[in-house]
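Here, each number is a calculation from the coordinates, and none is a lab measurement. As the structure is a prediction and not an experimental result, all values here were calculated from the model. Note: ideal-geometry Cβ built from the backbone for every residue, glycine included; neighbour counts use all protein chains shown.
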Amino acid sequence: MFQRSKSSNGGAAAHGETPEFRDIGDLKGQVAVISGSTSGIGLALARAVAARGGDVVLNGLGDPAEIERTRAELEASSGARIRYHGADMTRGEEIADMVAFAKHELGRLDILVNNAGIQHVEAVEKFPTDKWEQIIAINLSSAFYATRAAIPIMKAQGRGRIINMASAHGLVASPFKSAYVAAKHGVIGFTKTVALEVARDNITCNAICPGFVETPIVEKQIADQARTRGLTKEQVLTDVILAAQPTKQFVTTDQLAGIFLYLVSDLGASANGASFSIDGGWTAQ
Ligand code: NAD
């Protein structure tokens with residue numbers, strides 16, 4: 001049986017006629033859990049949610065005093081409720097507890113962003129086995145544990161948005177990043193599968209595939225690539241990092257917030273199981 005979309009922008013359910021329709025940028029009353037949000041892209045998305053009235057559970061590693069400063073500053077500047085949960089993304093039971101914490105502390109769970117990630121750059125024959133396991137756990141398996149815990153809550157609420165932070169490396173490879181590329185390709189496969197399973201539940205699951213964004217994970221890579229390839233840091237930046245990105249510009253966290261806000265809005269209801277390349281043209285090549 002066909003169902004008329006409750007939140008489409010056309011026909012009888014046009015914008016303005018459906019009381020529950022929310023346009024892009026209205027996140028009041030919604031709760032987001034964002035893994036790896038003490039830094040970089042995750043923190044930028046947390047700021048984007050809070051600035052639009054949504055409550056946030058922050059997560060990630062770092063100095064506890066600094067994390068608390070970030071949490072308190074975000075809460076004061078936005079007026080939203082901001083909490084922190086210190087789940088280690090290598091531990092399934094802690095990840096499930098983080099999702100339960102959102103519901104328990106903030107009353108709901110509307111948006112799950114599986115964003116935490118690490119990188120290690122090394123030739124495959126020298127790749128440390130513990131680094132492989134850690135990257136697969138943080139960059140891939142954590143999305144499974146969080147999604148597994150979130151779906152029952154979202155189903156009970158009748159709506160949900162799951163965003164997995166993949167990468168251009170979820171679609172194409174680069175040498176010396178075997179674990180990261182394998183994990184990110186896995187994230188895209190996982191995204192598609194979840195999307196199919198929850199398609200009738202008003203829940204969507206999509207992946208964002210950024211090109212290079214200037215965050216701490218990239219700053220570390222510049223140093224690692226310089227070591228692995230025997231290049232200067234300046235050469236790595238121009239000839240390696242932005243060599244793949246036709247715009248020769250880093251993607252900004254604001255640009256990622258733009259696609260994120262679309263995907264979590266009601267206008268994003270038909271985007272499901274998709275991977276959105278925000279990479280300056282990298283994967284068009
Ligand atoms: P980042 O290093 O600034 O942030 C990573 C976050 O993950 C931090 O908050 C860190 O504390 C957290 N984290 C790491 N290990 C964790 C663990 N065991 N438990 C809990 N949290 C942990 O990096 P970023 O650039 O903001 O990366 C965010 C995501 O975006 C990652 O998945 C990354 O692969 C992806 N990505 C980044 C780029 C880029 O160029 N920066 C490009 C494509 C995709």
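Structure notes:
- Cα-based equivalent ellipsoid, region 192-278: semi-axes from gyration tensor eigenvalues, Å: 34, 13, 10
- Considering only the chain, percent of DSSP beta bridges that pair antiparallel, nearest 5: 0 percent
- Alpha carbon centroid spacing (whole Å) that separates region 109-128 from region 145-181: 11 Å
- For region 91-249, the spread of Cα positions along each principal axis, largest first, Å: 54, 34, 27
- Theoretical ellipticity at 222 nm over the chain - DSSP helices of four or more residues, -39500 (n - 2.57) apiece, nearest 500: -13000 deg cm²/dmol
- At R0 = 25 Å, FRET efficiency that the Cβ-Cβ distance of ARG227 and GLN285 yields, to 0.05: 0.40
- Taking other C-beta atoms within 10 Å as the exposure proxy, TRP132, TRP282 rank TRP132, TRP282 from fewest upward.
- Cα→Cβ-extended label distance, 7 Å offset, between GLU66 and THR252, nm: 2.4 nm
- Label zone at GLN235 (point 7 Å along Cα-to-Cβ), backbone N below 18 Å, region 157-189: 175-176
- Ascending count of other beta-carbon atoms within 10 Å, so fewest first, for VAL121, VAL198, VAL172: VAL172, VAL198, VAL121
- Here the dipole of the chain is about 520 debye; that uses its Cα centre as origin and unit charges on the Cβ of Lys and Arg (positive) and Asp and Glu (negative).
- Between ALA96 and ALA123, the simple spin-label model (points 7 angstrom out along Cα→Cβ) gives 4.2 nm.
- A Cα-only calculation for the chain places Rg and Dmax at 18.9, 62 Å.
- Sites ASP201 and HIS104, calculated FRET efficiency, Cβ-Cβ separation with R0 30 Å, nearest 0.05: 0.85
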